1. Within region 45-60, how many residues turn out to be over 17 Å from R95 (Cβ atoms) and of a type outside the set (A, V, I, L, M, F, W, C)?
2. Collect the residues in region 77-105 that are without any contact (Cβ under 8 Å) to a residue 12 or more places away in the chain, part of a helix (DSSP H, G or I) and open to solvent by 80 Å² or more (accessible area, probe 1.4 Å), keeping them in residue-number order.
3. Could you please give the count of residues in region 106-127 that are open to solvent by 60 Å² or more (accessible area, probe 1.4 Å) and touching an Asp or Glu at 6+ places or on another chain (Cβ under 7 Å)?
4. Could you please tell me which pairs satisfy a Cβ distance under 9 Å, a separation of 6+ or placement on different chains, a first residue in region 148-161 that is assigned to a helix (DSSP H, G or I), and a second residue that is surrounded by fewer than 10 Cβ atoms within 10 Å (Cβ to Cβ) and not small (G, A, S)?
5. Restricting to region 1-45, what's the tally of residues that are of a type in the set (S, T, N, Q), more than 21 Å from V132 (Cβ to Cβ) and touching a residue at least 40 places away in the same chain (Cβ under 8 Å)?
6. From K56, K119, which residue is more than 30 Å from N12 (Cβ to Cβ) and either touching a residue at least 12 places away in the same chain (Cβ under 8 Å) or in contact with a Phe, Trp or Tyr (Cβ under 8 Å, 6 or more places away or on another chain) (or both)?
7. Filter region 1-11 down to residues that are open to solvent by 70 Å² or more (accessible area, probe 1.4 Å) and hydrophobic (A, V, I, L, M, F, W, C) and give me whichever is nearest to E160 (Cα to Cα).
8. If you go through region 8-40, how many residues are part of a helix (DSSP H, G or I) and out of contact with any Leu (no Cβ under 8 Å at 6 or more places or on another chain)?
Amino acid sequence: TTDIILSAVARNDQLITILGETDYGPSALQQSTAYVAELGTQIAAEEKNVKRTVLKLQKEQSEHEMYRDSHVKRLAYRMTGMKGKFEAKAEKEEREYHEALQARVLAEKKLQMLKDTLKEAQASKSEFEGVVARHKKAQADLEALYDSIFNGPTPEFPEEDAAEVPVQQA
């Protein structure tokens, strides 16, 4: 048994080192998974926001074009002596159109930024999955190494054999 233990020291040290290097993996993967899910929720909300801004932009654009291109309304306001009122409404509609256009552009930029962040987060998650797999394999290999040494009777270590009996009974 002593010879088996001595021959397994290098492999034991190697596995312990791997476990130490990958110990952060499970918690990092859990956090990364939560972050990816949160980004998915944010993207869904931002996609709805983009749709809302597109609809608002279409509405504001049609109202702006109606005032900009309507010669009949312009003429009617001019004839009633309310040219200033028409110009004020036309400017208001143009301003609202530009604000809606800016809101749509900002929403689309935010959505694209979220999508880019999601790609990066998914890449990180994939790396963490590899770390976790390496950690689990090292843990399983270490347990298999210990089982190969200490499972069954070991005459040099009677206290270990005595401890195995209650474990097996349990």
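1. Kept after step one, since they are over 17 Å from R95 (Cβ atoms), are these residues of region 45-60: 45-52, 54-55.
From what is left, the residues that are of a type outside the set (A, V, I, L, M, F, W, C) are 46-49, 51-52.
Residues that pass the stated criteria total 6.
2. Start the filter on region 77-105 by keeping residues that are without any contact (Cβ under 8 Å) to a residue 12 or more places away in the chain, which leaves 77-85, 87-88, 91-92, 95, 98, 102, 105.
From what is left, the residues that are part of a helix (DSSP H, G or I) are 77-79, 83-85, 87-88, 91-92, 95, 98, 102, 105.
Across region 77-105, the qualifying residues are R78, M79, K83, K85, E87, E91, K92, R95, H98, Q102.
3. Total satisfying the criteria: 1.
4. Correct list of pairs: D161/P155.
5. Narrowing region 1-45 to residues of a type in the set (S, T, N, Q): 1-2, 7, 12, 14, 17, 22, 27, 30-33, 41-42.
Subset that is more than 21 Å from V132 (Cβ to Cβ): 1-2, 7, 12, 41-42.
Still in the list and also touching a residue at least 40 places away in the same chain (Cβ under 8 Å): 1-2, 12, 42.
Of the residues in that region, 4 qualify.
6. K56
7. I4
8. So in region 8-40, the residues part of a helix (DSSP H, G or I) come out as 8-22, 25-40.
Now restrict to residues that are out of contact with any Leu (no Cβ under 8 Å at 6 or more places or on another chain): 9-10, 13-14, 17-18, 20-22, 25-35, 37-38.
Residues that pass the stated criteria total 22.
The values are calculated or read from the model by the stated rules, or taken from the named source; none is laboratory data. Predicted model, so just to flag it, every value in this text is computed and none were measured. A quick note on method: Cβ atoms are made from the backbone with ideal geometry, for glycine too, and the neighbour counts reach across all protein chains shown. Ligands, DNA and RNA are stripped out before the accessible areas are found, and what is left, the full protein with its side chains, is counted by its heavy atoms. Shrake-Rupley method; radii C 1.70, N 1.55, O 1.52, S 1.80 Å.
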